[in-house]
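Peer 1: Below are the C-alpha cells for one structure; questions will follow.
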Amino acid sequence: MGTRESGSRPRMAVWKFASCDGCQLTLLDCEDELLSLAAEVEIAYFLEASSAVGPGPYDLSLVEGSITTPEDAERIRHVRRVSKRLVTIGACATAGGIQALRDFADVKEFASVVYARPEYIATLDKSTPISANVPVDFELRGCPIDKRQLLEVITAFLACRRPVVPSHSVCVECKLRGNICVLVAHGTPCLGPVTQAGCGALCPAFNRGCYGCFGPADTTNSRALNTKLRVLGMSDPELVRVYRTFNATEEQFMRASEEDQGPEEDRA
Amino acid sequence: MSVGGSVGGNALMDTVVIESLEPLIAALQSAGYAVVGPTVKDAAVRMAEISSVEDLPAGVGDVQRPGNYRLAERGDEMLFDFAASPDSAKRFTQPPRQRLFRMRGQTIEEVREKAPRVALLGVRACDLAAIAVQDRVFLGRHPDPTYRRRREALFLIAVNCAVPGGTCFCVSMGTGPKATTGFDLALTELASPHRFTVESGSERGAQIVAAIPHRPADQGDLTAAEEVSRIAATRMGRHVDTEGIQQWLPAAHDSPRWTDVASRCLSCTNCTMVCPTCFCSTVEDITDLTGEVTERSERWDSCFSLDFTELSGQPPVRSSALARYRQWLTHKFATWYDQFGTSGCVGCGRCITWCPTGIDVTEELSAIRDGTGETSCIR
Ligand code: SF4
Ligand code: SF4
Ligand code: SF4
Ligand code: SF4
C-alpha cells in the first residue's frame, strides 16, 4: 500500500479528559497495525505518543475520559468545534467511568477526606460522559477498549461505513470463542448476559465471570440475572457493587443496582 | 434419516467387539483424521483433539440440571458414562465464524474455507439426529457446498448413551438413546470386562474396523449392549408430550405463559448457541485500513439478538423478549415441521442445562399445553 501525501490523509487527534490513559495506550498497543494506520491517517495530535502538536481542525477526534471539572467542560466544546467526527473511547468518555461513583455520594465529603487542602480542588459534582456535553458521532465501549474494535472503528470511519461493533451480550462472544460457561458449570457470578460484547469474552476465557466493562447490552434483564446471582450466594450489597463499577451511571446498570434491593417476597 | 450425506444406517458387517480404543484411534489417525473426543477441561466434558485413550475422561460423570452443570467423579473405568457435552457437532459442521469471500478492488476472490478431516468420537444419538436436521437445512433446497465438504470430511463414531443426563429427553423426540442411523461406527461400552461392541454404518467405517483387532460379538455381548440402551431409555431426565404440537403450540400465541417466561429470559442467546440444530447466522462486512480489501464473513447469530430482526431504519420486528422467546420455541418445536418436515428439537437438553436462568423448554411446553400458564417459579 502506498503512503498517502501528508496533506491528503485525514487528520486524527487523540484527546484526554478525566481518565487513566489506558484506552489511549490501546492505540499505542496496535504495534503491528500502527504503521499501516499512520499511512492512512495523519496522527496530528496525540500527546501520549508525541509532544508535536499539529493544529486543528481534525477529521477524526478520539476522546478519552469524562468531564469532571469546569475547565474540561469548556475544553470539550473546543474539541467538538475543531473536529469533523468525534468518537469517544472507553467507559469514562462513554459512561462517566469509575469516577462517576461520585454521582452516588457527596464529592465535597470525598475531597475533604482525601485532600489536605480541599479548598484547592475545583471539581464538578458529577462525572459526565462526553455525550452529556457535546454531540458524539460514535461511542466505543470498554474499560479499557478492545484494540480490534478500535481499529475497526477507525477503519470504518475511513471507509464511511457503519462499524461492525455488535451491541449483543458477551454470551454470544463467549460461545463463539468456545468458552465454558462459568456461571452454569462453576457457579461463578457473571455479568455477561447483561453486558455488551466487545472484549471477546476475555474473562470467561480465563475462568472468571464478566465484570461488565463494556456496559449494558442492547437488551438486558437484570432482574432475572440478579435472581440467579442471589441463588449463587450474592448478597444485596454485593449486587449493588457489581453493577457500580466502570459503567455505574448507565441507566440499565443503575436500575440493576437499585431494582433488586430486598428478597423476592418483598417485591411482587 | 440423513439426506445428501454419504452415510447410511445399514449394518455393513456383523457387530464385533474390541477390547481397547487405542487401535481404533491409531487407525483413524493413520487414515488422516484428527480424532476429537471427550476430554475434561475447565470442569466440564469438552470435545477436543485427543492423541490416545489416556485423554478420555475415565470415571467421570456429569450432573445436569436446568442452568446447572457439574462433573461427578465415579472413579470407575468407564469412558463415556455422561450425557451430552456442551459441544455438539455444530462446531464442526457450521463453525462459529467463516469467511465467505474477499474483494480486492473490484475483483472478487473466492475464499475456500477449510474442511478438516475430523473423526468425532463419542457422538450421541441425539447429535446424529441433529446432524440429520442440519443436513436438511444445508443440503436441502439450497445446498451449501462448504457445508457439504465439511460434512463429508467428518467421520462419526457414535457411543450409545448408558447414563442420560437430568435434562435429556431424546426418547420423547424419538432420536435416542441408541444410535440407529447416520454414523460410520456405533459403539456400546460394556463393563467387566471393559470392552466395546462396534457396529459399522458405512463402508469407510467397516474398513476401519477391518484394520484393527476385533472378534465377533457373542450373544452375551449383544444382550449386554441391548440392556445398556434399554435401561438408558428408562432414565430420561425430561419428557415432552409432542402429540399435536404442530397445532397446539402455534395456537397458543396468546398464552400468558409467554409473559412469564420472558420475565426469566435474559435474551442472552446461550440456548441457541448450544443447540445442535440452531443454524441462524448473520453476515459481517469489513474493510482493511487502506479500503482496498473487503471481506464478507458469516458468524453464528440468534433469534434472541435484538438486531437479528432489525430492518434498515426500522425498529426490530421482534423487539420484546416475549416475542423472541415465542418465536424460538414455536419454530423449534412446531413450525420447523412446515419448513423441513421434522421437529427442530432432538431432545439433547443442552438449552436447558446451559440457560443461565435455567429455563426448561419441557416445562414451558407443558405449561403452555395445559393452558394454565402456571409456573413452579415464585415470581
Ligand atoms: S460465562 Fe458469562 S458470558 Fe459466558 S456464556 Fe456464561 S454467562 Fe455468558
Ligand atoms: S431445543 Fe434444546 S433440547 Fe432441543 S435440540 Fe436444541 S438444545 Fe437440544
Ligand atoms: S438426549 Fe439421549 S442421546 Fe442425547 S445425550 Fe441424552 S440420553 Fe444421550
Ligand atoms: S432461554 Fe435462557 S439461554 Fe435462552 S436467551 Fe433466554 S435466558 Fe438465555
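Peer 1: Which of the residues belonging to the stretch B:320-344 are among the hydroxyl-bearing types (S, T, Y) and within 13 Å of ligand 4 (Cβ to nearest atom)?
Peer 2: Result: B:S320, B:Y325.
Peer 1: On to the next question. Looking at the stretch B:160-185, which of the residues that are open to solvent by less than 10 Å² (accessible area, probe 1.4 Å) and more than 16 Å from B:A130 (Cα to Cα) is farthest from ligand 1 (Cβ to nearest atom)?
Peer 2: The qualifying residue farthest from ligand 1 (Cβ to nearest atom) is B:L185.
Peer 1: Of the conditions (1) more than 16 Å from ligand 1 (Cβ to nearest atom); (2) at pLDDT 95 or above; (3) not small (G, A, S), B:R104 satisfies every one except a single condition; which number is it?
Peer 2: Every listed condition holds for B:R104 apart from (2).
Peer 1: Continuing with this model, one more query. Filter the stretch B:171-188 down to the residues that are touching a strand residue (DSSP E or B) at 6+ places or on another chain (Cβ under 6 Å) and of a type outside the set (S, T, N, Q), then identify the one that is farthest from B:R204 (Cα to Cα).
Peer 2: The extreme case among them is B:A179.
Peer 1: Looking only at the stretch A:145-157, count every residue that is in contact with a strand residue (DSSP E or B) (Cβ under 8 Å, 6 or more places away or on another chain) and either facing chain B (nearest Cβ under 9 Å) or surrounded by fewer than 20 Cβ atoms within 10 Å (Cβ to Cβ) (or both) and tell me the total. I'd like the intermediate steps shown before the answer.
Peer 2: Initial filter on the stretch A:145-157 (in contact with a strand residue (DSSP E or B) (Cβ under 8 Å, 6 or more places away or on another chain)): A:145, A:149-150, A:152-157.
Applying the additional criterion that residues be either facing chain B (nearest Cβ under 9 Å) or surrounded by fewer than 20 Cβ atoms within 10 Å (Cβ to Cβ) (or both) yields A:152, A:154-156.
Of the residues in that region, 4 qualify.
Peer 1: Out of A:V164, A:V184, which single residue is of a type in the set (V, I, T) and closer than 13 Å to A:K228 by Cβ?
Peer 2: Criteria check complete, one pass: A:V184.
Peer 1: In the stretch A:29-49, which residues are out of contact with any Pro (no Cβ under 9 Å at 6 or more places or on another chain) and within 12 Å of chain B (Cβ to nearest Cβ)?
Peer 2: A:C30, A:D32, A:E33, A:L34, A:L35, A:S36, A:L37, A:A38, A:A39
Peer 1: So, of the residues in the stretch A:44-68 that are modelled with pLDDT of 80 or more and open to solvent by 60 Å² or more (accessible area, probe 1.4 Å), which turns out to be nearest to the chain's Cα centre (by Cα)?
Peer 2: The extreme case among them is A:L47.
Peer 1: Related question: Does the stretch B:339-356 contain at least one residue that is within 14 Å of another protein chain (Cβ to nearest Cβ) and open to solvent by 10 Å² or more (accessible area, probe 1.4 Å)? Quick ask: steps written out before the conclusion?
Peer 2: Of the stretch B:339-356, the ones within 14 Å of another protein chain (Cβ to nearest Cβ) are B:349-356.
Add one more test, that the residue is open to solvent by 10 Å² or more (accessible area, probe 1.4 Å), and what stays is B:351, B:355.
Looking through the stretch B:339-356, at least one residue is within 14 Å of another protein chain (Cβ to nearest Cβ) and open to solvent by 10 Å² or more (accessible area, probe 1.4 Å).
Peer 1: Something else now. All but one of (1) of a type in the set (A, V, I, L, M, F, W, C); (2) more than 27 Å from A:H186 (Cβ to Cβ); (3) in contact with a helix residue (DSSP H, G or I) (Cβ under 7 Å, 6 or more places away or on another chain); (4) open to solvent by less than 40 Å² (accessible area, probe 1.4 Å) hold for B:V293; which doesn't?
Peer 2: The one condition B:V293 does not meet is (3).
Peer 1: Tell me which of these B:T197 doesn't satisfy, since it passes every other one: (1) assigned by TED's automatic domain parsing to the domain that holds B:L24; (2) of a type in the set (S, T, N, Q); (3) within 21 Å of the chain's Cα centre (by Cα).
Peer 2: (3)
Peer 1: Residue check: is A:K175 touching a Leu at 6+ places or on another chain (Cβ under 8 Å), of a type in the set (D, E, K, R) and not assigned by TED's automatic domain parsing to the domain that holds A:F104?
Peer 2: It is false that A:K175 is touching a Leu at 6+ places or on another chain (Cβ under 8 Å), of a type in the set (D, E, K, R) and not assigned by TED's automatic domain parsing to the domain that holds A:F104.
Peer 1: Let me ask something additional. Tell me which of these B:K114 doesn't satisfy, since it passes every other one: (1) surrounded by fewer than 14 Cβ atoms within 10 Å (Cβ to Cβ); (2) at pLDDT 95 or above.
Peer 2: Tallying (1) surrounded by fewer than 14 Cβ atoms within 10 Å (Cβ to Cβ); (2) at pLDDT 95 or above, B:K114 fails exactly one: (2).
Peer 1: Continuing with this model, one more query. Taking A:D218 and the conditions (1) surrounded by fewer than 23 Cβ atoms within 10 Å (Cβ to Cβ); (2) within 19 Å of the chain's Cα centre (by Cα); (3) within 20 Å of B:N68 (Cα to Cα); (4) within 10 Å of chain B (Cβ to nearest Cβ), which numbered condition does it fall short on, given that it satisfies the others?
Peer 2: (3)
Peer 1: Moving on. Picking from B:V293, B:V198, B:V261, which residue would you name as being of a type in the set (V, I, T), over 30 Å from B:R102 (Cα atoms) and more than 16 Å from ligand 4 (Cβ to nearest atom)?
Peer 2: None of the other options fit; the residue is B:V198.
Peer 1: Looking at the structure I just gave you, is B:G37 within 14 Å of chain A (Cβ to nearest Cβ), among the small types (G, A, S), touching a residue at least 40 places away in the same chain (Cβ under 8 Å) and open to solvent by less than 40 Å² (accessible area, probe 1.4 Å)?
Peer 2: For B:G37, the condition - within 14 Å of chain A (Cβ to nearest Cβ), among the small types (G, A, S), touching a residue at least 40 places away in the same chain (Cβ under 8 Å) and open to solvent by less than 40 Å² (accessible area, probe 1.4 Å) - is not met.
Peer 1: Assess whether B:F155 counts as being outside the structural domain of B:W354 (by TED's automatic domain parsing), within 16 Å of ligand 3 (Cβ to nearest atom) and open to solvent by less than 10 Å² (accessible area, probe 1.4 Å).
Peer 2: No: the conditions fail for B:F155.
Peer 1: So if I check each of B:L79, B:L71, which one is in a strand (DSSP E or B) and either at negative phi or not aromatic (F, W, Y) (or both)? First the steps, then the outcome.
Peer 2: Details: B:L79 fails: in a strand (DSSP E or B).
Testing whether each residue is in a strand (DSSP E or B) and either at negative phi or not aromatic (F, W, Y) (or both) leaves just B:L71.
Peer 1: Kindly check whether there is at least one residue in the stretch A:234-242 that is open to solvent by less than 30 Å² (accessible area, probe 1.4 Å), in contact with a helix residue (DSSP H, G or I) (Cβ under 8 Å, 6 or more places away or on another chain) and within 24 Å of B:L306 (Cα to Cα).
Peer 2: No: zero hits.
Peer 1: Let me ask something else. Restricting attention to the stretch B:46-69, which residues are facing another protein chain (nearest Cβ under 10 Å) and either modelled with pLDDT under 95 or touching an Asp or Glu at 6+ places or on another chain (Cβ under 7 Å) (or both)?
Peer 2: B:R46, B:M47, B:P66, B:Y69
Peer 1: Which ones in the stretch B:237-263 are open to solvent by 10 Å² or more (accessible area, probe 1.4 Å), away from ligand 3 (no atom under 16 Å from the Cβ) and of a type in the set (D, E, K, R)?
Peer 2: B:D241, B:E243, B:D254, B:D260
Peer 1: Go over the candidates B:L266, B:L311 one by one and state the one that is under 28 Å from A:L176 (Cβ atoms) and surrounded by fewer than 21 Cβ atoms within 10 Å (Cβ to Cβ). Before you say what the answer is, go through the steps one by one.
Peer 2: On the way: B:L266 fails: surrounded by fewer than 21 Cβ atoms within 10 Å (Cβ to Cβ).
Only one candidate qualifies: B:L311.
The values are calculated or read from the model by the stated rules, or taken from the named source; none is laboratory data. Quick caveat: nothing in here was measured; it's all calculated off a predicted structure. As a convention, Cβ positions derive from the backbone with ideal geometry for all residues, glycine included, and neighbour counts pool all protein chains shown. Accessible surface areas use protein heavy atoms only, side chains included; no ligands, DNA or RNA. Shrake-Rupley method; radii C 1.70, N 1.55, O 1.52, S 1.80 Å.
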